[in-house]
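Below you will find the structure I want to go over with you.
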Amino acid sequence: MTSQVVPSKVKPRLKGLKALLTHQTFRRVVQLTFAAFILYITLVHVWAGEASTNLTASPEAFCPFGGLETFYKYITSAGTYVPHTHLSNLVVAAGVLILALLMRSAFCGWICPLGFIQDIIHGFSAWLQKRFVPLRKVLRTISQRGQPVWAFLDKYLRFVKYGVLIWAVTGAAIYGVMVFKDYDPWSALINMAEWVFTPGLVVLGLTLVGSLFVERPWCRYACPLGAASGLLGKLSPVYLKREADACTNCKICTNACPMGLNVHTATTITSVDCISCLECVGECPREGALEVKIGLPLMAK
Amino acid sequence: MKINPFVYGTVVLVIFLGVIFGFQGAGVWSTSGKVDGAGKGIQPSAADVNTIKGWMTLEQVSTTFNAPVAEILSAFNLPADTPPSTALKDLESDTFDITGLRTWLQNRKKP
């Protein structure tokens, strides 16, 4: 008896309000809300200043990576912290790591404001390329010609973030200061009002300009928090499943992936680089070809 | 088992905010070096250099640890005309950081 492959249905095209009520819109609203919260905290802190009698939290107090940097000192020095970190950093870090353990790197895809800023810039670049055909042609030509070199670099640059993670966490543990702070683009952004030049400003500039050409360059290559979250996410019971029988290999999922993963060739997407944004699931035109699944950790097939 | 992407996003928010609000509810939360987890104000104490925080001024540290401002400035190659009301975090540079100041004060106390 031969098994018969049933072709999957094409998802119905949504129109009007229904087209807006997607999980992708939901994700953007969540990202926007967290980014607006951090902007509000930053403005209040800058406006009130350090000398204010009203206690205003610094946006640094909400950085989860600060929690990872201060963790060693906290447990070995009777609850003290490396400078610029507080108890809130440890709590937010716990939130990110527990989230990674249960839902993979969803913090990166759904919450992180720096990821959102990169998304916006890349979206702007896509909009520009749509409007200005010559620009699109130039960028496409450069992209095609540089493809072999870029593919090689992309493969190895993705390991840089693990080096950054080890350097930042062990550096903070050994020296008791945030050795990564001056190179951190997020720190440079939220402390911009201080008008102090740091290498982090250069990294921030490179990240923002790079986002015009590559989606989420900081997340792909250098983010130490994403590295930690991705590694822990390997233990998560959640994964993405591509049903080969329902898939037409149209590559829409791969083109939609902001982290540049080859979704269309995978059976399960459990990559440490997956940020669980679910753009691939939303863009997939076939019913049941790409779905979010829950199963036993490390057993996804 | 399949998960709806909307449900996935909602669960992400519930877990992340749940952890944060859970800790906050248990009193494990502080966003400033000016107060501890219980909301009690932190003041520098001569007995413990770890009570020095970035928001404290040179003057506060000088008074608490009985170290003249001029001596602190000189030890860290900071400009001699730095106002004593300057917050420590605003002085951070290649030659000065709070961990360094703590170590220096700790060693200075020793006979």
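The values are calculated or read from the model by the stated rules, or taken from the named source; none is laboratory data. Values in this document were obtained by computation on a predicted structure and should not be read as measured data. Please note: Cβ atoms are built from the backbone with ideal geometry, for glycine as well, and neighbour counts cover all protein chains shown.
Which of (1) more than 8 Å from chain A (Cβ to nearest Cβ); (2) surrounded by 12 or more Cβ atoms within 10 Å (Cβ to Cβ); (3) closer than 23 Å to A:LYS181 by Cα; (4) of a type in the set (Ser, Thr, Tyr) is the odd one out, the single condition B:SER93 does not satisfy?
The single condition B:SER93 does not satisfy is (2).
To continue, here is another question. Would you confirm whether any residue within the stretch A:226-239 is of a type in the set (Phe, Trp, Tyr), farther than 19 Å from A:ASP154 by Cβ and free of Cβ contacts under 8 Å to residues at least 40 places away in the same chain?
no
Do you know which residues across the stretch A:65-83 are at pLDDT 85 or above and at the interface with chain B (Cβ under 10 Å from one of its Cβ atoms)?
If the condition is that a residue be at pLDDT 85 or above and at the interface with chain B (Cβ under 10 Å from one of its Cβ atoms), then A:LYS73, A:TYR81, A:VAL82 are the ones that fit.
Further question on the same structure: Mind checking whether some residue in the stretch B:35-56 is of a type in the set (S, T, N, Q) and surrounded by fewer than 12 Cβ atoms within 10 Å (Cβ to Cβ)?
Of all residues in the stretch B:35-56, those of a type in the set (S, T, N, Q) come to B:43, B:45, B:50-51.
Adding the requirement that they be surrounded by fewer than 12 Cβ atoms within 10 Å (Cβ to Cβ) leaves B:43.
Yes, the stretch B:35-56 contains at least one residue that is of a type in the set (S, T, N, Q) and surrounded by fewer than 12 Cβ atoms within 10 Å (Cβ to Cβ).
Sort out for me the helices (runs of 4 or more DSSP H) sitting completely within the stretch A:92-196 that have 2 or more residues that are crowded, with 17+ Cβ neighbours inside 10 Å, touching a residue at least 24 places away in the same chain (Cβ under 8 Å) and more than 14 Å from every other protein chain (Cβ to nearest Cβ).
By residue number, A:113-131, A:160-175, A:185-190.
For the stretch B:7-54, what are the residues that are assigned to a loop (DSSP other than H, G, I, E, B) and at the interface with chain A (Cβ under 7 Å from one of its Cβ atoms)?
Answer for the stretch B:7-54, where residues must be assigned to a loop (DSSP other than H, G, I, E, B) and at the interface with chain A (Cβ under 7 Å from one of its Cβ atoms): B:VAL28, B:TRP29, B:SER30, B:THR31, B:SER32, B:GLY33, B:LYS34, B:GLY37, B:GLY54.
Answer with yes or no whether A:LEU201 is free of Cβ contacts under 8 Å to residues at least 24 places away in the same chain, assigned to a helix (DSSP H, G or I) and either under 17 Å from the mean Cα position of the chain (by Cα) or over 26 Å from A:VAL281 (Cα atoms) (or both).
yes
Got a number for residues in the stretch A:255-284 being within 14 Å of chain B (Cβ to nearest Cβ), among the aliphatic types (A, V, I, L, M), in a loop (DSSP other than H, G, I, E, B) and in contact with a strand residue (DSSP E or B) (Cβ under 7 Å, 6 or more places away or on another chain)? Even if it seems obvious, please write down each step before you answer.
At the first step, the residues of the stretch A:255-284 found to be within 14 Å of chain B (Cβ to nearest Cβ) are A:256, A:268-269, A:274-284.
Add one more test, that the residue is among the aliphatic types (A, V, I, L, M), and what stays is A:256, A:269, A:275, A:278, A:281.
In the following step, the residues that additionally are in a loop (DSSP other than H, G, I, E, B) were identified as A:275, A:278.
Checking which are in contact with a strand residue (DSSP E or B) (Cβ under 7 Å, 6 or more places away or on another chain) leaves us with A:278.
Summing the residues that are within 14 Å of chain B (Cβ to nearest Cβ), among the aliphatic types (A, V, I, L, M), in a loop (DSSP other than H, G, I, E, B) and in contact with a strand residue (DSSP E or B) (Cβ under 7 Å, 6 or more places away or on another chain) in the stretch A:255-284 gives 1.
Residue check, B:LEU78 against (1) assigned to a loop (DSSP other than H, G, I, E, B); (2) closer than 26 Å to A:HIS86 by Cβ; (3) modelled with pLDDT under 85; (4) not polar (S, T, N, Q), all met but one. Which one?
Here B:LEU78 clears every test but (3).
Could I ask something else about it? If I filter the stretch A:58-79 down to residues being crowded, with 16+ Cβ neighbours inside 10 Å and among the small types (Gly, Ala, Ser), which single residue comes out as farthest from A:ALA188 (Cα to Cα)?
Within the stretch A:58-79, the match that is farthest from A:ALA188 (Cα to Cα) is A:GLY67.
Is it the case, given these coordinates, that B:SER30 is surrounded by 13 or more Cβ atoms within 10 Å (Cβ to Cβ), in contact with an Asp or Glu (Cβ under 7 Å, 6 or more places away or on another chain) and either over 30 Å from A:GLU279 (Cα atoms) or at pLDDT below 85 (or both)?
It is true that B:SER30 is surrounded by 13 or more Cβ atoms within 10 Å (Cβ to Cβ), in contact with an Asp or Glu (Cβ under 7 Å, 6 or more places away or on another chain) and either over 30 Å from A:GLU279 (Cα atoms) or at pLDDT below 85 (or both).
The conditions are (1) modelled with pLDDT under 90; (2) over 30 Å from B:GLY41 (Cβ atoms), and A:THR53 fails exactly one of them. Which is it?
Status for A:THR53: all satisfied but (2).
If we scan the stretch B:57-67, do we find a residue that is closer than 30 Å to A:PHE107 by Cα and within 14 Å of another protein chain (Cβ to nearest Cβ)?
No, every residue in the stretch B:57-67 fails to be closer than 30 Å to A:PHE107 by Cα and within 14 Å of another protein chain (Cβ to nearest Cβ).
Among the residues of the stretch A:285-301, what is the count of those that are buried (at least 18 other Cβ atoms within 10 Å of the Cβ) and more than 11 Å from every other protein chain (Cβ to nearest Cβ)?
Count: 3.
Tell me whether the stretch A:193-207 contains one or more residues that are in the same structural domain as A:VAL164 (by TED's automatic domain parsing), out of contact with any Ser or Thr (no Cβ under 7 Å at 6 or more places or on another chain) and among the polar types (S, T, N, Q). Spell out how you get there, then give the answer.
In the first step, residues of the stretch A:193-207 are kept if they are in the same structural domain as A:VAL164 (by TED's automatic domain parsing); the result is A:193-207.
Subset that is out of contact with any Ser or Thr (no Cβ under 7 Å at 6 or more places or on another chain): A:193-199, A:201-207.
Subset that is among the polar types (S, T, N, Q): A:198, A:207.
Yes; the residues of the stretch A:193-207 include at least one that is in the same structural domain as A:VAL164 (by TED's automatic domain parsing), out of contact with any Ser or Thr (no Cβ under 7 Å at 6 or more places or on another chain) and among the polar types (S, T, N, Q).
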